[in-house]
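Encoded as structure tokens, the structure appears first; notes follow it.
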Amino acid sequence: FCAVSTKLDVYCWGTEPETGESIVTPTKVPAGGTQFTSVSVGLRYLCAVAVDGTAYCKGKGFHGELGTGVAEDVREDLSVPVQGGLKFDQVTTGLYHACGVTVDDELYCWGDNEYGQLGTGNDASSAVPVKIGTGWSQISAGGDHTCGTKLDGTGYCWGLNDFHQVSPGAEYQYATPQKVNGAWKSLHSGYSYTLGVDSKGKGYGWGLAE
């Protein structure tokens, strides 16, 4: 687990992925003095958004989920930026992929794409951010699927659909964003499920219920 402190530092605790050691006390992640506004934790990696909008990731990077341009681990401090010179309002992490909405409301995703979870229309993974579209307000990377909302209130999901967490359609996976019926404030992607709050404040859920 990780969080940003009131002094804008990132602290983490839990199982250390390299050694298996249990860290029971929140421990500051070295970042060379950079301050952060948010942090998101994937499987054995994390990404954080700095005050200036730059995203930094560290940890396991075999699938390109760190967005550094190479599918390699970053074991040093939180100082290796996501490639492209992008400025983000939000970055979200899934199992092995990440996505972010920029200050210009553009959506980018990177990392593993085995099930189309990047939304690029194919299954090619990417170690650098790939632009998915414009006009986005919120994004959430789940297990192997992704959901988000646009500025006009429309919602979309894509990626693995083995429990219909993306769509009620029969396809096992969707490599492009699929529109979710209704008007939405936000959508959240879990491991194999999706939760949403619509424009009237009502909550909904679909996918694996266990």
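Do we find that Ala124 is out of contact with any Pro (no Cβ under 8 Å at 6 or more places or on another chain) and free of Cβ contacts under 8 Å to residues at least 12 places away in the same chain in this structure? Judged against the criteria, Ala124 is a match. Name the residues in segment 37-61 that are of a type outside the set (D, E, K, R) and either free of Cβ contacts under 8 Å to residues at least 40 places away in the same chain or assigned to a loop (DSSP other than H, G, I, E, B) (or both), would you? Matches in segment 37-61: Thr37, Val39, Gly42, Leu43, Ala50, Val51, Gly53, Thr54, Tyr56, Gly61.
Right, Val24: free of Cβ contacts under 8 Å to residues at least 40 places away in the same chain, of a type in the set (Val, Ile, Thr), loosely packed, with under 14 Cβ neighbours inside 10 Å and outside any loop (DSSP other than H, G, I, E, B) or not?
yes
In segment 186-210, the residues that are touching a residue at least 60 places away in the same chain (Cβ under 8 Å) reach residues that are surrounded by 13 or more Cβ atoms within 10 Å (Cβ to Cβ) and among the aliphatic types (A, V, I, L, M) with C-beta atoms within less than 7 angstrom, at least six apart or across chains, in these pairs: Ser189/Ala141. What do you reckon, is Asp152 closer than 30 Å to Phe36 by Cα, open to solvent by 20 Å² or more (accessible area, probe 1.4 Å) and touching a Lys or Arg at 6+ places or on another chain (Cβ under 9 Å)? So Asp152 fails the test.
Among the residues in segment 77-87, are any open to solvent by less than 40 Å² (accessible area, probe 1.4 Å) and out of contact with any Lys or Arg (no Cβ under 7 Å at 6 or more places or on another chain)? Scanning segment 77-87, I find at least one residue that is open to solvent by less than 40 Å² (accessible area, probe 1.4 Å) and out of contact with any Lys or Arg (no Cβ under 7 Å at 6 or more places or on another chain), so the answer is yes. Residue count for segment 51-67 satisfying the condition of being surrounded by 21 or more Cβ atoms within 10 Å (Cβ to Cβ) and among the hydrophobic types (A, V, I, L, M, F, W, C): 3. For segment 71-98, a residue qualifies if it is over 15 Å from the mean Cα position of the chain (by Cα) and farther than 16 Å from Phe36 by Cα, and the qualifying residues are Ala71, Glu72, Asp73, Val74, Arg75, Glu76, Gln83, Gly84, Gly85.
The values are calculated or read from the model by the stated rules, or taken from the named source; none is laboratory data. Being a predicted model, the structure only gives us computed values, none of them experimental. In this analysis, Cβ positions are derived from the backbone assuming ideal geometry, glycine residues included, and neighbour counts consider all displayed protein chains. Ligands, DNA and RNA are excluded from the accessible area calculation, which covers all protein heavy atoms including side chains. Shrake-Rupley method; radii C 1.70, N 1.55, O 1.52, S 1.80 Å.
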